[in-house]
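What follows is one structure encoded as structure tokens, with my remarks underneath.
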Amino acid sequence: MPTLIEKQLLVWGNQFIKDKSKKLKLDISIDYLAEDNNLSRKGDKRGTGSATKTMLAEKDAQIDVERSSGQPSVWREVYTKMRCSDPPCQNSEGYCLQDPVGKKRYKLRTHHLKELVKFVNEGNDLDTHDDVPDMIQEQLCREEQRWLER
């Protein structure tokens with residue numbers, strides 16, 4: 001499975017195949033962090049990593065690719081637009097979708113935000129909460145209904 005960087009290089013490569021007069025110049029910088037694997041992992045039952053660390057690493061890799069390509073960060077854009085900022089919101093430390101009709105707020109979890117990033121990466125606009133796809137809105141309603149039925 002190709003990495004994000006390999007995918008981006010393939011996209012750029014296809015653009016340069018079409019127009020032979022263009023040349024591709026890459027400036028590559030590598031930020032390397034050494035991990036000390038000798039530290040005791042006493043009490044850690046999750047193995048070598050957590051889902052949160054993995055997701056953050058994926059997000060960081062995506063942002064690095066976007067930064068190197070000169071494109072704005074889709075992750076940052078989506079997370080900023082969906083961040084709870086209004087005082088009446090009970091989810092002040094996270095992300096929510098405000099229903100445009102009933103003004104009800106639905107808590108957005110990581111998998112919802114990933115779907116929104118994918119939605120924007122596919123070329124769709126996400127300017128306001130009204131632009132959130134119906135599929136995600138319906139999923140949020142079903143999840144809340146299941147939670148209320150418990």
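Show me, for region 138-150, the HN-Hα J-couplings you get by feeding each phi into the Karplus relation (A = 6.51, B = -1.76, C = 1.60, θ = phi - 60°), rounded to Hz, glycine and proline as x. Once θ is set to phi - 60°, the couplings for region 138-150 become 5, 4, 4, 5, 5, 4, 5, 4, 4, 5, 5, 6, 6 Hz.
When a/c is below 1.5 the answer is rounded, else prolate if a/b is larger than b/c, else oblate, so apply that to region 54-149 with a ≥ b ≥ c taken from the square roots of the Cα gyration tensor eigenvalues. Note, shape of region 54-149 comes out prolate.
With each label modelled as a point 7 angstrom along the Cα→C-beta vector, the residue 50-residue 69 pair spans 3.0 nm. By the count of neighbouring beta-carbon atoms within 10 Å, fewest first, 21, 69 end up ordered 21, 69.
The packing ranking of peptides 99-106, 13-20, highest mean first, is 99-106, 13-20, where packing means the average number of other beta carbon atoms within 10 angstrom of each residue. In the structure shown, the pairs 81/107; 22/59; 53/114; 25/114; 53/81 are assessed against 21 Å; a Cα-Cα span above that value is assigned to 22/59; 25/114; 53/81.
None of the figures in this text is laboratory data; all of them are computed from the coordinates on show. All figures in this text were calculated on a predicted structure; none of them were measured in a lab. Here the Cβ is made from the backbone with ideal geometry for all residues, glycine too, and neighbour counts use every protein chain on show.
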